[in-house]
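Notes follow the structure.
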Amino acid sequence: MADAYILGIESSCDETAAAVVRSGEQLISNVVASQIATHQPYGGVVPELASREHLRAIVPVVRQALAEARHSYESVDAIAVTQGPGLAGALLVGISYAKALAFALGKPLIAVNHLEGHIHAVLLEERQKGNHDLQFPVLALVVSGGHTHLYLASQNADSWAYENIGHTRDDAAGEAFDKVAKLLALGYPGGPVIDRLAPYGDPYAVKFPPAQIKHRDRRGRHDNRAVDPHDERPRFDFSYSGIKTAILRYVESHEMHGLIEARRKALGNIPKPGLEDYLAHCDKQTLDLVASFQRAIVEDLAGKTLAAAEAHNVATLFVTGGVAANAELRATFEREAAQQGLPVFFPSRKLSTDNAAMVAAAAYPKYLAKDFAPMDFSAEAGMVLK
Ligand code: KG4
Ligand code: ZN
């Protein structure tokens, strides 16, 4: 098989990223410019600001990725870019730049689904470690700020196919982390802060009712059986808006607003608050709430994913996306998958959150299959993975 050096570009949300990957198996360079500082004052991503920051960062980020890889525009074999899902205006910055490069250089252009990228982050790093023997069927949980999706992944020659067997009905798990952190004045993004604070609280202090998900049966009635309306195979859907509301109620009934506002003020005066700063401004009740929240989310993710793995008799489990960086989530999946005798793989923390190495890796099978994008392709904000 031909070696190919692919330049990947990612701009779907709040990270401008570029990377060079060799043949989907060796990370040569990986540059990520985060926009956290831009969006932090708003407690979430502001789409217009995201596009503006991508415009500012895209050229230097790509140049740096090429320089660190000791490559030039001319020496890479193809340009890959995220087509969707994501923020339309943000995606267009990466796509327009990738098209201009591909056109000017006469190189093939490859359009990649961001979610497929998250799955290929795992494959890239496993291949890099020398692990080329992947047992199918593979079940992949993609758990990020925008998605909580379960896919059965299969490979036929160079091409990959995905079947969605579960997704969130409302908020994604990462979104729940971000919204709860915002509510408790713990800054943005919420996942990394809650991850670091949770070990200081009691994860059993606050009980949350499990999410009730209604499934429509063939006669159009609702019941609680997890059955797909189109076939009789089980589905494994998630729901995380209820827990967010439960936290809001807890905050109100325990009169925590005063403390939260004091924390907002205090942390607002610290340019880059560290763990000690957060701990200094969190009482036991807050730490217990945060720890209990994280445990509830992690247990739900692991419980449903492992039930899906058993129902579909899978041989391998992938857990990827920003929330896969979470320490408790990794430990829980490792423990519970081991009990089921199921090998579980995660990307490194660096490749769990958004990056362009995953885009370049996912593009390699398409490069081999000459599955190139036409020059007139556009961003697909709601792109589905199939
Ligand atoms: O994959 P990603 O970088 O972007 C999307 O595609 O959405 O994921 C970002 C999400 C955010 O919601 C962030 O709070 C969450 O991943 N996240 C974490 C951790 N690191 C990032 N959630 C829990 N624990 C973490 N350590
Ligand atoms: Zn992502």
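Of the residues in region 104-111, at least one is surrounded by fewer than 21 Cβ atoms within 10 Å (Cβ to Cβ) and either assigned to a helix (DSSP H, G or I) or of a type in the set (Val, Ile, Thr) (or both).
Taking region 126-148 as the range and being away from ligand 1 (no atom under 16 Å from the Cβ) and surrounded by 13 or more Cβ atoms within 10 Å (Cβ to Cβ) as the test, the residues that pass are GLU126, ARG127, GLN128, LEU134, PRO137, VAL138, LEU139.
VAL45: outside any helix (DSSP H, G or I), in contact with a His (Cβ under 6 Å, 6 or more places away or on another chain), within 16 Å of ligand 1 (Cβ to nearest atom) and open to solvent by 10 Å² or more (accessible area, probe 1.4 Å), yes or no?
On the way: outside any helix (DSSP H, G or I): yes; in contact with a His (Cβ under 6 Å, 6 or more places away or on another chain): yes; within 16 Å of ligand 1 (Cβ to nearest atom): yes; open to solvent by 10 Å² or more (accessible area, probe 1.4 Å): yes.
In short, yes.
The residue pairs whose first member lies in region 3-26 and is at positive phi, whose second member is modelled with pLDDT under 95, and whose beta carbons are closer than 9 Å, counting only pairs six or more residues apart or on different chains, are SER23/MET1; SER23/ALA2; SER23/ASP3.
Pairing residues of region 257-285 that are assigned to a loop (DSSP other than H, G, I, E, B) with residues that are among the hydrophobic types (A, V, I, L, M, F, W, C), at Cβ distances under 7 Å and at least 6 apart in sequence or on separate chains, gives PRO273/LEU267; HIS281/ALA266; HIS281/LEU267; CYS282/LEU197; ASP283/LEU259. Looking only at residues in region 313-346 that are within 16 Å of ligand 1 (Cβ to nearest atom) and among the small types (Gly, Ala, Ser), the one that is surrounded by the fewest Cβ atoms within 10 Å (Cβ to Cβ) is ALA331. Taking into account only those residues within region 113-131 that are under 13 Å from ALA360 (Cα atoms) and either without any contact (Cβ under 8 Å) to a residue 12 or more places away in the chain or among the β-branched types (Val, Ile, Thr) (or both), which is farthest from ligand 2 (Cβ to nearest atom)? The selected residue is VAL122. If the condition is being in contact with a helix residue (DSSP H, G or I) (Cβ under 8 Å, 6 or more places away or on another chain), open to solvent by 20 Å² or more (accessible area, probe 1.4 Å) and not in a loop (DSSP other than H, G, I, E, B), then region 11-27 contributes GLN26, LEU27. Look at (1) among the hydroxyl-bearing types (Ser, Thr, Tyr); (2) open to solvent by 20 Å² or more (accessible area, probe 1.4 Å); (3) within 16 Å of ligand 2 (Cβ to nearest atom) and you find that TYR151 fails only one, number (2).
The set of residues in region 165-201 that are open to solvent by 40 Å² or more (accessible area, probe 1.4 Å), within 16 Å of ligand 2 (Cβ to nearest atom) and not in a helix (DSSP H, G or I) contains only HIS167.
Check whether at least one residue in region 347-355 is open to solvent by 60 Å² or more (accessible area, probe 1.4 Å), part of a helix (DSSP H, G or I) and basic (Lys, Arg), and report yes or no. Within region 347-355, one or more residues are open to solvent by 60 Å² or more (accessible area, probe 1.4 Å), part of a helix (DSSP H, G or I) and basic (Lys, Arg). Of the residues LEU109, LEU101, LEU91, LEU105, which single one is within 16 Å of ligand 2 (Cβ to nearest atom) and at pLDDT 95 or above? LEU91 is the lone residue from the list that is within 16 Å of ligand 2 (Cβ to nearest atom) and at pLDDT 95 or above.
The condition (being within 22 Å of LYS370 (Cβ to Cβ), within 16 Å of ligand 2 (Cβ to nearest atom) and either of a type outside the set (S, T, N, Q) or in contact with a strand residue (DSSP E or B) (Cβ under 7 Å, 6 or more places away or on another chain) (or both)) is satisfied by just one residue among ILE9, ILE36: ILE9. For VAL290, are the conditions met, namely being within 16 Å of ligand 1 (Cβ to nearest atom) and either open to solvent by less than 50 Å² (accessible area, probe 1.4 Å) or part of a helix (DSSP H, G or I) (or both)? Here the answer is yes, as VAL290 does meet what is asked.
The values are calculated or read from the model by the stated rules, or taken from the named source; none is laboratory data. As the structure is a prediction and not an experimental result, all values here were calculated from the model. Don't worry about glycine lacking a Cβ; one is built from the backbone with ideal geometry, like all the others, and counts go over all protein chains shown. Ligands, DNA and RNA are stripped out before the accessible areas are found, and what is left, the full protein with its side chains, is counted by its heavy atoms. Shrake-Rupley method; radii C 1.70, N 1.55, O 1.52, S 1.80 Å.
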